[in-house]
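The next block holds one structure in the form of structure tokens; read it before the comments.
The values are calculated or read from the model by the stated rules, or taken from the named source; none is laboratory data. Worth saying up front: this structure is predicted, and the values here are computed from it rather than measured. No Cβ is skipped: glycine too gets one built from the backbone with ideal geometry, and neighbour counts run over all protein chains shown.
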Amino acid sequence: MAAAPSNLGTEFKEELICSICLELYTRPKMLPCQHTFCQDCLQDHAGKGRTFQCPICRQQVKLTRQGVEGLPINHLVTSLCERLQNQATQSGETREQPQSGNRCSFHPSEVLKVYCKQCQVPVCDQCLEQAHDDHRTTTIKKAAQEKSLRVKPLINEGRNIIESYLSFLRNLRETEKTLNEQKQQRDNSIIQAYNQMMQKLTHGKDLLLSESQKNHSKNLEKIQTGRDRALADINELCAACDRAEQELQQGWVEILSQQTTLTEVVVKYQRKAAPTPVHTEPAVFQPTGTPVPVLGHVIIQSLPSAPIPVAPSPIPAVPSPITAVSAPITAVSAPITAVSAPITAAQIPPVTTVLASSNGAAGGTGHHHDNQRHGEPQSKKVIFGGEGSGTGQFKSPFGVAVSDEEVFVADNGNMRIQVFTLHGTFVQQFPTVVSGEEKMKPWDVAMDGEGNLWVVGGTDLAHFAVQYNKQGRVLRKFDLYKAVWNRGVAVDTRRNHILITQSTGDQSTQGEVLVFWPDRTTVRTVGQQQGMKWPRYITVSGEGNIIVSGRYNQCVYVYNEYGQFQLQFGGERSSEGQLNEPRGICTDGADNIIVADYGNSSVEMFDKTGRFVKSITTDLNRPCAVAMATQGQLVVTDVGNNTVSIFHTY
């Protein structure tokens, strides 16, 4: 019988253990998901943030202003813990303190000798004489034996009931474990199915975009061919007419001698067939290969391009009209805001278009070199910028972000954001104002899901994260810890998380990634355990992975969407695929990882497992930031030349 309470305590204790500290609950607090933990354990788990995930079911918990102390107390668990502790204390006292003897409570000097059946109490001789003389009595031993016969069945029945409850609790525990395993399997199946579907959709999209690009290039080639032929004819006619006009002013002899030349040219073009309209092919594609859900045909219409400045002199009419492209050109839905101060063409640096071979060697500006190998694939690269403080010039373009149509450059030395089209045409600029007239030097820029910009930067006294709209108006701002090194910023648009890198000491101190809600509430901190040193730039892949470049470690770190470490690659460069001061980082549509290898003046591509794929370019000076447009254009800033390069193919 004595062993039963100990077993009972053991059974109950399994249900009263905190899953974080693995000790008996102290000040148990209950989460909305009904899971219970020690108050101190929850405080350590939540940190200083206002939101965290339940350690067991991962349900999101949002704290009130009181923090963890504001969570409800689990009174049942508190009561059971107190009873268990009291039972342990009493058992210890019973073992330590010997029995003091059967003494009468009314007459302490007397020993209890008989049991009064009528009063159902043990009594001594004096009590018997004074109050129980005429009552029926028996010996204490016999009375105890008779009562034991009645109590034992009740004890056994109570133990059986307790055992049924304990069995119920064990079943609950097993059911909970099974439910958690089923949920994990179900989540994994959902993620796998989603990833497969996204892979198929991405493949289908790439096929459609490739066909669209081929169709567009073919149409542009036809237009260019027609334009070149027309310009050649115009040039010959203009030359003949100009010579004739000059001869009219020189005298009759010259007119008589040169009339034959003009007549031959005019007659030649009278006999020549007039330029025919250029017929472009309609952009209609049917997906093939990988099965992708499609409603009928996918009709891709031409989109409005960036406005082209019109020269002030009148343009002569084309002798024969060019037929319109079959796909209608839709009007631009959003008006383009005027730049506050008029900008003349002379103020904007020229945009250079370079045709480069696949090995990265540049061709001429808009021309093919004679030594270009026939059939060698070429990539179009647009370069603009240059050192200075004028419009379209840069002083340390540290950061870059890309929308569907525009490029946003963090012009650090000039304390501003400059905006360009994807063809390098200047659009507008605005200063990186913190408050009032105070400006910060921007280190990096990222775009959120609503089309607003998040910029991280600093002054001599403080560091900030500021949200601007596209016109440069401050929407919100919060202060950051004044770290030793510059920071990078990225936005997880699917979860509306803002991710900012941070280094808190010298080069030997580990760095980290801070994940915030837009209202500055901390979601989590990532990367403290992997020895990241000077994390500089950051991006979020299409799969939601967090990818960070560690400049001092010469590595790239990859974490999943919950901040769990997945892999790292790179290392100080000694062979292909290793890095030297990696900086800017982004991913393409296939989740390949593109890294600006600052120390080796190159841009490298790795697949999502960290395997080296290829060098995209090796002809930059100091590549710093990279960004990928939705249509596949790669944008790279070069702080060595203070330029920006846009690779339309690579």
Of the listed residues (Gly457, Gly544, Gly451, Gly511), the one being in a loop (DSSP other than H, G, I, E, B) and either more than 13 Å from the chain's Cα centre (by Cα) or surrounded by 21 or more Cβ atoms within 10 Å (Cβ to Cβ) (or both) is Gly451
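Can you tell me which residue is surrounded by the fewest Cβ atoms within 10 Å (Cβ to Cβ) among those in region 401-443 that are among the charged types (D, E, K, R) and farther than 15 Å from Gly472 by Cα?
Taking region 401-443 as the starting set, the residues that turn out to be among the charged types (D, E, K, R) are 404-406, 411, 416, 437-439, 441.
Adding the requirement that they be farther than 15 Å from Gly472 by Cα leaves 404-405.
On the way: Asp404: 10, Glu405: 16.
My answer is Asp404.
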For region 609-620, pairs from a residue that is without any contact (Cβ under 8 Å) to a residue 24 or more places away in the chain and assigned to a strand (DSSP E or B) to a residue that is loosely packed, with under 14 Cβ neighbours inside 10 Å and not hydrophobic (A, V, I, L, M, F, W, C), with Cβ under 6 Å and 6 or more apart or across chains, are Val613/Asp607
For region 621-629, does any single residue satisfy the condition of being under 24 Å from the mean Cα position of the chain (by Cα) and free of Cβ contacts under 8 Å to residues at least 40 places away in the same chain? no
Per the filter on region 385-441, residues basic (Lys, Arg), assigned to a strand (DSSP E or B) and touching a residue at least 60 places away in the same chain (Cβ under 8 Å) are none
The residue that is nearest to Thr522 (Cα to Cα), considering only those in region 31-75 that are within 22 Å of the chain's Cα centre (by Cα) and outside any loop (DSSP other than H, G, I, E, B), is Thr51
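Would it be correct to say that Val491 is aliphatic (A, V, I, L, M), modelled with pLDDT of 90 or more, in a strand (DSSP E or B) and more than 25 Å from Gln530 (Cα to Cα)? Break it down stepwise before answering.
On the way: aliphatic (A, V, I, L, M): yes; modelled with pLDDT of 90 or more: yes; in a strand (DSSP E or B): yes; more than 25 Å from Gln530 (Cα to Cα): no.
Answer is no for this residue.
Is it fair to say Ala462 is out of contact with any helix residue (DSSP H, G or I) (no Cβ under 9 Å at 6 or more places or on another chain) and under 29 Å from Gly67 (Cα atoms)?
Details: out of contact with any helix residue (DSSP H, G or I) (no Cβ under 9 Å at 6 or more places or on another chain): yes; under 29 Å from Gly67 (Cα atoms): yes.
Against the criterion (out of contact with any helix residue (DSSP H, G or I) (no Cβ under 9 Å at 6 or more places or on another chain) and under 29 Å from Gly67 (Cα atoms)), Ala462 qualifies.
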Restricting region 468-484 to residues that are in contact (Cβ under 8 Å) with a residue 40 or more places away in the chain and either surrounded by fewer than 19 Cβ atoms within 10 Å (Cβ to Cβ) or assigned by TED's automatic domain parsing to the domain that holds Pro518 (or both), the one farthest from Gln428 (Cα to Cα) turns out to be Phe478
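May I ask you to verify whether Gln196 is under 30 Å from Thr630 (Cβ atoms) and surrounded by 10 or more Cβ atoms within 10 Å (Cβ to Cβ)? Spell out the reasoning first.
Details: under 30 Å from Thr630 (Cβ atoms): yes; surrounded by 10 or more Cβ atoms within 10 Å (Cβ to Cβ): yes.
Spelling it out, Gln196 is indeed under 30 Å from Thr630 (Cβ atoms) and surrounded by 10 or more Cβ atoms within 10 Å (Cβ to Cβ).
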